[in-house]
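The block underneath contains the structure these notes are about, expressed in C-alpha cells.
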Amino acid sequence: MKTKSIFLLSFLFLMNCASKEEEIYTPVPYNLEIPTLFADKLIAPIIPTNNPLTEEGVALGKKLFFDKSLSGDNSQSCATCHNPKKAFTDETRFSDGIDGNFGTRNSMPLFNLAWNFNEKFTWDGKDFSLEKQAFEPVSNPIEMHSNWKKVVEKLQGNSTYPDLFLRAFGTSTIDSVLVTKAIAQFERTLISANSKFDKFLLGKATLTAEEQNGFNVFMDEAKGDCFHCHGSNNNPLWTDNQFHNNGLDATFTDLGLGKVTGDPNDNGKFKSPSLRNLKFTAPFMHDGRFATLEEVINHYSEGLQRSSTIDPLMKKINDGGVNLSTKEKADLKAFLLSLSDEEFVNNSSFNK
C-alpha cells in the first residue's frame, strides 16, 4: 500500500511538472490605434489571422528587434540598420554587415507597413509578408551572417526568452517561425501619421505659403506630377507601394523587380518609397545615390534617363523631366519636409 501511495504521488508530481509549460495563458490583444486620416482614407490594415497582434507578442518582437544576439558575432541587431531615430533606416548609402561587407541597396525605412496591401516587401518585392522578410537578414552573409539554428540555441539558452515566448505564443520552445512572427508584430505597430501636413489636413496646423505652393506643384500634372506614385491628401501613405522605373538609368546593373519575376518588362523597377519622414531618411533611392532632397528633385526636373521599361508616368521623358523653376523646386522641398513626423522618431514605444 505504501509503495502504491509513493508511486501515485510521484506520478502526480511528474504530471504537474509536465503540464506546467502547458498551462493556458491567453495573450492580451494589442490595441492598434488607427490614425484618423488612415481610418478615413484607407481600408483596414493587414493583420494575418495566424499572427494576430498581442501585447506579449509586440513586446517580444521589440526585444528581438534590438537584440544583437541575432547576428553571428553578437554585434548587430535589426535596429543597427533600422534606427528608430532615422525613421528605421540609417544614414549610410549601403549598410555594412558584421564582417564589414556592404550590400548594394539602401536600407528601407520602416513605418505604416500594415497598410502595404500587396504585401510585397523590400525594394524589389521579393518577400511576401513581413514575417518572410524578417528571415533573410539573419543568415545573409553580408548582413547579420548567422544561421537560425545558432540564433535559436542562443535564445533558448537565455534566462528570459523561453517564458516570453510561452506567454506570447503558448510554447517555450523557440523556433525561427515564432521569432519572425514576433518581429513582424512589432513592425506592424510602427505607425507614422503626425506630420505637420497631417495636422494641416486635420485643421490643426497652417502651412506656409511655400509649403502650400509646393503641394500644388506636387499635385499639378503640368508641373511636379508626383501624386500618381507617391500619394496625396487622399492617400496618407504617400506611396502607392507599387514598382516603377523612374528613369534613373539608361541601362541596368540592378534589375530590381525584373530579377524577382524573370520578366524583362520589369527590369529597372523598384518600389515607390513613402515620402514621409524625408527629413530623417537620406540618402535616397534604392541605391542611395542621391545624398540630398535637392538631388532627388533635380532628377525628376531635368535628369530622367530613357530605357525600354521607363514608366509611362514619366510623361516628360523627352524633355529630360518636368523642368521646374528654382522657386518651384524650393517650394516642393518645403512641402515634402512637412511630411516628416518628429513624434514618430522620438516615440519611446519604438526605441530600446
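The values are calculated or read from the model by the stated rules, or taken from the named source; none is laboratory data. It should be emphasised that the depicted structure is a prediction, and the values quoted were computed from it without experimental measurement. Cβ placement follows ideal geometry from the backbone for every residue including glycine, while neighbour counts extend to all protein chains displayed. Just so you know, the surface numbers come from the protein's heavy atoms only, side chains and all, with ligands and any DNA or RNA stripped out. Shrake-Rupley method; radii C 1.70, N 1.55, O 1.52, S 1.80 Å.
Rolling a 1.4 Å probe over the protein heavy atoms leaves Tyr161 with an accessible area of roughly 0 Å². Based on the alpha-carbon gyration tensor of segment 265-352 and its eigenvalue square roots a ≥ b ≥ c, which shape applies: rounded if a/c is under 1.5, prolate if not and a/b is larger than b/c, or oblate? Judged from the Cα gyration tensor, segment 265-352 comes out oblate (a/c at least 1.5, b/c at or above a/b). Placing +1 on each Lys and Arg Cβ and -1 on each Asp and Glu Cβ, with no other charges, gives the chain a dipole about its Cα centre of roughly 740 debye.
The residue list Leu255, Ser69, His145 was ranked by how far each Cα lies along the charge dipole of the chain toward its positive end, using unit charges on Cβ atoms, and Ser69 comes out on top. The aspartates and glutamates within cross-link reach of Lys316, meaning a Cα-to-Cα straight distance under 17 Å and a gap of 8 or more places when in the same chain, are Asp220, Glu221, Asp225, Asp249, Glu302, Glu328. Rolling a 1.4 angstrom probe over the protein heavy atoms with all chains in place gives segment 196-346 an accessible area of 45 Å² per residue. Greater than 26 Å separation of Cα atoms is the criterion. Which listed pairs, Lys154/Lys259; Lys86/Lys327; Lys86/Lys329; Lys271/Lys315; Lys63/Lys269, meet it? In this structure, Lys154/Lys259; Lys86/Lys327; Lys63/Lys269 exceed 26 Å between Cα atoms. What does the C-alpha gyration tensor say about the overall shape of segment 104-165? Classify as rounded when a/c is under 1.5, otherwise prolate if a/b is larger than b/c, or oblate. Oblate is the answer for segment 104-165, as a/c is 1.5 or above yet b/c matches or exceeds a/b.
When each full DSSP H helix of the chain is screened for a Cα extent of at least 20 Å along its own axis and an average Kyte-Doolittle hydropathy of at least 0.0, the helices passing are 2-20. Of the solvent-accessible surface of the chain, computed with a 1.4 Å probe and all protein chains present, 55% belongs to carbon and sulfur. Which of the following values of Rg and Dmax of the Cα atoms in Å was calculated from the structure shown: (i) 23.8, 99; (ii) 21.4, 69; (iii) 20.5, 66? Computing Rg and Dmax of the Cα atoms in Å and matching it to (i) 23.8, 99; (ii) 21.4, 69; (iii) 20.5, 66 gives (i). Stokes-Einstein diffusion for segment 196-346, with the hydrodynamic radius set to the Kirkwood value over Cα pairs and evaluated at 4 °C in a medium of 1.567 mPa s, equals 81 µm²/s.
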